[in-house]
1. Going by average Cβ neighbours within 10 Å, how do the peptides 136-144, 7-15 rank, with the highest at the top?
2. Run the simple label-point estimate for E143 and R61 please: 7 Å along Cα→C-beta, distance reported in nm.
3. Can you work out the FRET efficiency for the pair R21 and H42, with r the C-beta to C-beta distance and R0 = 41 Å, to the nearest 0.05?
4. Applying a 10 Å radius around every beta-carbon, put 54-62, 78-86, 123-131, 156-164 in order of their mean neighbour count, most first.
5. Using θ = phi - 60° and the Karplus relation 6.51 cos²θ - 1.76 cosθ + 1.60, list the HN-Hα couplings for segment 86-93 in order, rounded to whole Hz, with x at every Gly or Pro.
6. What's the FRET efficiency of E127 with E32 using the Cβ-Cβ distance as r and R₀ = 41 Å, to the nearest 0.05?
7. Given R₀ = 25 Å, FRET efficiency for E156-A79 by Cβ-Cβ distance, to 0.05?
8. Quick check: net charge around A11, other residues with Cβ under 14 Å of its Cβ, Lys/Arg +1 and Asp/Glu -1?
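Every read-out reported here was derived from the displayed coordinates using simple, explicitly stated rules and does not represent laboratory data. All values reported here derive from a predicted model rather than from experimental measurement. In this analysis, Cβ positions are derived from the backbone assuming ideal geometry, glycine residues included, and neighbour counts consider all displayed protein chains.
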Amino acid sequence: MGGERSERAGAALDALARYRREAGAAARCLIEGVRHLEEDAHGRRRAELVERAVREDGLDRAEAEQVYTVAEEEGLEPAFAFQLVRCGVGVRWPGEADGAATTLDAEVPPEWVAPVATPPADAARREWRLRASFRRLRRLLEERRTPEDALRAFVEEPDVDASGY
């Protein structure tokens, strides 16, 4: 009787191990399937936002792709990034006049952010503006209670203007 009981226990343990392997394989299959769906959705969303920026905002494809990529790298939801670009609102290059502030009331940036004697190429300057703007907006979105509060705070920053990208 003890041997039979031991055999049944062994068979039950084997069945449990087989079930766990099969359930694990099923779970892995489901997780992998969801991952592919998420990647497909991400790719479709990227394509939709980039296409809209090209079609409606007059960006060329490379510029639109750059906006999306930089937004992701800076941790900002790409839809917010495209809206900033669409509205032409962003952080001004250090030392650049905004037309509203005079040299007396404008904040002077620290020496390590002051522009060099020869300004960078337009592409580098554009990327700097994208990164600085996206980083700032992301920080404000994290700090403020609502996205509306964050956007208001962003446009009220002293070094933010609507000079375009």
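1. Listed from highest to lowest mean packing, they are 136-144, 7-15.
2. Simple spin-label model gives 3.9 nm for this pair.
3. Here the calculated transfer efficiency is 0.85.
4. With the highest mean Cβ count within 10 Å placed first, the list reads 78-86, 123-131, 156-164, 54-62.
5. Along segment 86-93, the couplings run 4, 7, x, 9, x, 6, 6, 4 Hz.
6. After rounding to 0.05, the efficiency reads 0.70.
7. Approximately 0.70, to the nearest 0.05.
8. With Lys, Arg at +1 and Asp, Glu at -1, the neighbours total 0.
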